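Enquirer: Can you read through this structure? Questions will come right after.
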Amino acid sequence: MLPRAKVVVSSRPDQLYRLHPSHRPEFIVQILGLNEDGRDDIGTQLCPQRYEEVKQMLLQNPDVLDYCYVPTQFILTVDYLLQHDSEKEFISLSKVFAHACNAYARSASSDQLRERDLSRMGLELDKLGMLAWNGCSNRHVTFKTENFEEVGLSRESIESFLNTSVLENVDLKCRILASDKRSYFSHLLWQEFFAALYLMMVMNMQDFETFAKRLRQDHWQVVLKLAFGFSDSDTFSVLQPLILACKEGEVKRHCEEKTKWLQRFAIQQCRSSSLGSNTLFPVSSWVRESSNEAIAREVAANLPQTINFEKDAAILPSDISSLFHLLKYSKSPHELHVRDCTFAGDIWNRFTKEIEVSGIKVRPISYVCF
């Protein structure tokens, strides 16, 4: 059916790019969202004095920039960068969301929820995570009143999620939930983040081991990526005070056990006899999101010597950034077989520069660039 389709709709750019060429629209492809000019226009309005600085930090972090075609995500990321301007390390999606949750907690505790303590608010974030998880499990993005009742969210908390801003450094209102006839997360990324939060910080180990098998399915790819982000100690330390469904030590211990499972899962993918770029790029992205050197070393140690880029693969900036981040932890040389792949824009230059100046032991075989 796809080869004869006149219109192909994809919710994310990478999903469109990874379609086989015979299934891609032949003439016009339009990705709804912000392009570079759109980001520049909004960014200049948000922080006219510092936007060039923020823009450079974004360009250095393509894993985050990939998701900034979403206006809400771009604004959240700018808000994060304005408060972490001296931060030189990698900026992850989970760090941006953790910062927003912390901003929500401070705003809610000083505004609508003056009479409530932080521990009660933490429990409500747990319940919001359960709502997000149920939605992802059932492929739902809108929620009825009974869905909120099922997870025990109070009307007071729902109103807070609908009305309390998660921004601290940008003079705009950006909320976790939105509502029309039904309620929904202000963007699917918010729902996926809270699903990952529930998975890593609330769900018990028995249920985790049962449900974790679902993470192999394509529609869980962003939840899986964000789950790796919870192995970052900085992200965990920001979120843990807000997630008080269990005792502090128990939450940390369970999160560490789940992180070990995720590490084993990533290693299993690397040991696959058919490992190619379509598997390696997501694995590299998980490792990059984790900001965890121990995970990076273990996964890199299990990479095969020869890595094949699938024919007709479309290479994104974040693919190159994440791949070479992982390869720098490998103690063995690798051969990259790169044939008939699409390198858009300056990605080819980025790729060759990484090989030339990074010092990574990589022996490229051949390149064909379109």
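The values are calculated or read from the model by the stated rules, or taken from the named source; none is laboratory data. What you see is a predicted model, and the numbers here were worked out from it, not measured in a lab. Cβ sites come from the backbone with ideal geometry, for glycine too, and all protein chains shown count toward neighbours.
Enquirer: Is it true that M57 is modelled with pLDDT under 95, more than 16 Å from V238 (Cβ to Cβ) and not acidic (D, E)?
Expert: Criteria met by M57.
Enquirer: Let me ask something additional. For the structure I just gave you, tell me whether Q240 is surrounded by fewer than 20 Cβ atoms within 10 Å (Cβ to Cβ) and in the same structural domain as H140 (by TED's automatic domain parsing).
Expert: Answer is yes for this residue.
Enquirer: Please state which one of L172, L226, L215 is out of contact with any Pro (no Cβ under 9 Å at 6 or more places or on another chain) and at pLDDT 90 or above.
Expert: Going through L172, L226, L215 in turn, the sole match is L226.
Enquirer: Could you please find all residues in segment 142-162 being over 17 Å from L197 (Cβ atoms) and either surrounded by fewer than 16 Cβ atoms within 10 Å (Cβ to Cβ) or basic (K, R) (or both)?
Expert: T142, K144, T145, E146, E149, E150, S154, R155, E156, E159, L162
Enquirer: Here are the criteria: (1) in the same structural domain as F230 (by TED's automatic domain parsing); (2) exposed (fewer than 13 other Cβ atoms within 10 Å of the Cβ); (3) at pLDDT 85 or above; (4) of a type outside the set (S, T, Y). Tell me which single one A105 does not satisfy.
Expert: (2)
Enquirer: Can you find a residue that is touching a residue at least 60 places away in the same chain (Cβ under 8 Å) and either under 26 Å from R216 (Cβ atoms) or not in a loop (DSSP other than H, G, I, E, B) (or both) anywhere in segment 144-161?
Expert: So far as segment 144-161 goes, no, none of its residues is touching a residue at least 60 places away in the same chain (Cβ under 8 Å) and either under 26 Å from R216 (Cβ atoms) or not in a loop (DSSP other than H, G, I, E, B) (or both).
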